[in-house]
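None of the figures in this text is laboratory data; all of them are computed from the coordinates on show. Here the structure is a predicted model, which means the values were calculated and not measured. Reconstructed Cβ throughout: ideal geometry from the backbone, glycine too, with neighbour counts over all protein chains shown.
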Amino acid sequence: MGGYGDVQMIDDKGLRMDGRKPSECRPIEIETGVVPVADGSARVRWGLNDVIAAVYGPMEAHPRKIQRQDRAVLDVRYNMAPFSTTDRIRPGFNRRSREISKVTAEALESVVLLELYPRSKIRVEIEVLCAEAGTRCAGITAASAALAHAGIPMTDLVVSVASGKVNGVVVCDLNKEEDNYGEADLPMGILPNSGELVFLQMDGDLSQEDFKIAWDYNMEAASHIHEIMARALKGGDA
Ligand code: CDP
C-alpha cells in the first residue's frame, strides 16, 4: 500500500491493468481433497494466487499447557513458500506470517464449534504456493473450505476478499500492483449465509462513501465465491 498516485493503474476506458472492471473479481477456482493424508483439505486458485490448506484433527492438544478444558484450540500456521514470489521468501515464521496466522485463527474461531472438542487441537496449515496479493484472504477462504471438508462442525463458512482504492477509484479484489501501489486495502472475512463479519483490516485511507463501495464489492464477491466453494464441497467442479 504505497499510495503512489503517479503509477497509472486505471486506463482511459476505466479498466484495470489486468483488464478487469473496477467491480470485477479475479477468476477463482476451489478444489477439495488435494492433500489425501489430511482430514480435510482445499486448494484455492485465485488470479495468480495458489494456496493450499490442510486440516488435521481434532486431536489431543499437546503440549498440555495449550489445552483448554472447555474447548478445542485452533493451531493455524500461514506460510509463504520460498518460491511463491519473485523475491525468495526466507523459510520459517516471520512477523507477517505470525500476524496472518493469528488473524486467520481468530476469524475461524468465530465459526468452528470448538466447545464440542474440549482439550483438543485442530491443526490448520496454510501454504501459499504462488502469491499475487490477497493471500491472507485466499488462505482464510481455503482454510474454511478445508475445515468443512474435514467435517468439522461450523456455524457458517468464511469467505475473505480484499477490495481497495487505486488512482482514486474503488476496485474489487486487489491484484499485486494495486495492493503495492494503491491508496487503500480493505480485507474482510465474511460469513456468506448471515452476511456477518469475522475479520476486517484496513490499510490506507477511504472516505465513508468509498468505504461503503469497497464493503459492497467485498460482500458481492463473497457471495460469488461462496457459490464456488459450496459446489467444491458438494464434490462438483470448481
Ligand atoms: O497477500 P496479502 O495481500 O494478504 O498480504 P500483503 O502483506 O499485503 O502482501 C501483498 C502481496 O505482496 C503478497 O500477496 C505477495 O504477492 C507480495 N509479498 C511479497 O512479494 N513478499 C513478501 N515478503 C510479502 C508479500
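What the table shows:
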{"item": "Inter-centroid distance (Cα atoms) of the stretch 94-139 relative to the stretch 33-68, Å", "result": "9 Å"}
{"item": "Listed peptides 39-45, 63-69, 7-13, 129-135 by packing density, highest first (mean Cβ within 10 Å)", "result": "39-45, 129-135, 7-13, 63-69"}
{"item": "Extension gain (nm, one decimal) between LEU48 and LYS212, 0.36 nm per residue minus Cα-Cα", "result": "56.3 nm"}
{"item": "Virtual spin-label span in nm between ARG68 and GLU196, 7 Å along Cα→Cβ", "result": "1.5 nm"}
{"item": "Only Lys, Arg (+1) and Asp, Glu (-1) charged, at Cβ; the chain dipole about Cα centre in debye", "result": "1100 debye"}
{"item": "For the chain, calculated [θ]222 nm from helices alone, where every DSSP H run of n ≥ 4 adds -39500 (n - 2.57)", "result": "-8500 deg cm²/dmol"}
{"item": "For the stretch 28-233: rounded, prolate or oblate by the Cα gyration tensor [a/c cutoff 1.5]", "result": "prolate"}
{"item": "The stretch 79-207, dipole about Cα centre (Lys/Arg Cβ +1, Asp/Glu Cβ -1), debye to the nearest 20", "result": "640 debye"}
{"item": "Lysine pairs in the stretch 28-233 with Cα atoms under 16 Å, if 8 or more residues apart or on separate chains", "result": "4"}
